[in-house]
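Just so it is clear, none of the values below were taken in a lab; they were calculated from the coordinates. No experiment lies behind these values; they were computed from the predicted model shown. Here the Cβ is made from the backbone with ideal geometry for all residues, glycine too, and neighbour counts use every protein chain on show.
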Protein chains: 2
Amino acid sequence: MSGKYLEDFSPGQTYRSGSVRIDAERIKNFAAEFDPQPFHQDDEAARRSIFGGLAASGWHTAAVSMRLLIESDLQPVGGIVGAGFDEFRWPLPVRPGDELYIEGEVLEVRPSKSRPTQGIIKVRTTTRNGKGEAVQVSVGNLVVPRRPVL
Amino acid sequence: MSGKYLEDFSPGQTYRSGSVRIDAERIKNFAAEFDPQPFHQDDEAARRSIFGGLAASGWHTAAVSMRLLIESDLQPVGGIVGAGFDEFRWPLPVRPGDELYIEGEVLEVRPSKSRPTQGIIKVRTTTRNGKGEAVQVSVGNLVVPRRPVL
């Protein structure tokens, strides 16, 4: 098992991922399964909508961001296990052809009071497009194992 | 265009969806694309993990919950357009075979100060399994058009 234990994290540490391109076809068929609304599926309907053009479902952006987070250099031991979010928003739509990446910062590190083998790190993760604009901002709490006492 | 304008919503209104069954195959291939961690993909690895058995990615639960919200009787005119969440968490894992449905309540309704044609409704949406247990709880803000003045 590789990766970082709770004791390896501290506030101010940053992490970053590579990038992935979002294409129109996957935007449309993700939406067909999970978010079947015209502005995520049909170019003409999207132009007339609040988005002014085809936009990825926010849940598609969220799912892609999870993939990027796993592949980033955050790397908690035991994987990325989310307990929930204090903040979660999509400031701008994701468009076909956008190259997304994530960057983030560790905000807090605290051992669990009730579970001596684990703790929580609070992280702010921002998903950005090729222009560097934020398309998703989250402040989430991840469960991270403590280093075993030998 | 059918659906409810901002003026049709008021705090205390409730909404509910039908249900959908989550199967092991879709849990695993959703994870393969977006959340490739052992506890979402491999039964044996999942048994040894913090989840104690195969569990859906939280983003799979979130995406399915979006589908259920669209199909619920909430029905804002212009569709479900999320501005972000004040709260978002997964109290329990989703397991293969779980039948999920959502139920929710309108908490607040407020016209936008800067955009006279729209407003925001704040809604608490809970996704439940067949036993009625909450597997996802969110408090989100949706953009809803105001009724046009003729």
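Amide H to amide H distances under 5 Å link A:Ala55 with no residue, where only residues 5 or more positions off or on other chains count and H is placed in the peptide plane. In the frame of its principal axes, region A:1-149 has Cα extents of 60, 28, 25 Å, reported largest first. Using the Cβ-Cβ distance between A:Asp86 and B:Val149 with R0 set to 45 Å, the FRET efficiency from 1/(1 + (r/R0)^6) comes to roughly 0.75.
Residues whose amide H falls under 5 Å from that of A:Val144, counting only those 5 or more places apart or on a different chain, are A:Gly119, A:Ile120, A:Ile121, with hydrogens built in the peptide plane. Each copy carries B:Arg26; placing its label point 7 Å along the C-beta direction from Cα gives inter-copy distances of 2.0 nm, listed from smallest up. About its Cα centre, the protein assembly as shown has a charge dipole of approximately 660 debye under the convention of +1 per Lys or Arg Cβ and -1 per Asp or Glu Cβ, with nothing else charged.
The lysines whose alpha-carbon is closer than 17 Å to the alpha-carbon of B:Lys122, local same-chain residues fewer than 8 away aside, are B:Lys4, B:Lys113. Rounded to the nearest 20 debye, the dipole magnitude of region A:1-86 is 140 debye, with +1 charges on Lys and Arg beta carbons, -1 on Asp and Glu beta carbons, and the Cα centre as origin.
In sequence order, region A:133-139 has phi-based couplings of 6, 6, 10, 8, 10, 9, 10 Hz under the Karplus curve 6.51 cos²θ - 1.76 cosθ + 1.60, θ = phi - 60°, and Gly or Pro positions carry x. A straight Cα-to-Cα reach below 26 Å connects A:Lys131 with the lysines A:Lys28, residues fewer than 8 places away in its own chain not being considered.
Just tell me how shielded A:29-36 is by partners: mean number of partner chain Cβ atoms within 10 Å of each residue's Cβ, no decimals. Please list the in-between numbers first.
Values: counts 0, 3, 2, 0, 5, 11, 7, 5.
That works out to 4 on average.
3J(HN,Hα) along region A:111-128: x, 6, 7, 8, 10, x, 8, 9, x, 10, 10, 9, 10, 9, 10, 10, 9, 10 Hz, from the Karplus curve 6.51 cos²θ - 1.76 cosθ + 1.60 with θ = phi - 60°, whole Hz, x for Gly and Pro. From its DSSP helices (H runs of at least four residues, each -39,500 (n - 2.57)), chain B gives a residue-normalised ellipticity at 222 nm of -6000 deg cm²/dmol. The residue list A:Ser57, B:Ala62, A:Thr14 was ranked by how far each Cα lies along the charge dipole of the protein assembly as shown toward its positive end, using unit charges on Cβ atoms, and A:Thr14 comes out on top.
Couplings for region A:52-66, taken from phi via the Karplus curve 6.51 cos²θ - 1.76 cosθ + 1.60 with θ = phi - 60°, read x, x, 4, 10, 5, 4, x, 6, 5, 4, 5, 5, 5, 5, 5 Hz in order; Gly and Pro are left as x.
Can you give the direction-averaged projected area of the convex hull of the alpha-carbon atoms in the protein assembly as shown, in nm²? If you can, show how the numbers build up before the last one.
Values: hull surface 65.9 nm².
The Cα convex hull of the protein assembly as shown, projected and averaged over all directions, gives 16.5 nm².
Annotation: amide H-H contacts under 5 Å for B:Lys4 (H modelled 1.01 Å from N, sequence separation of 5 or more, or interchain): B:Val77.
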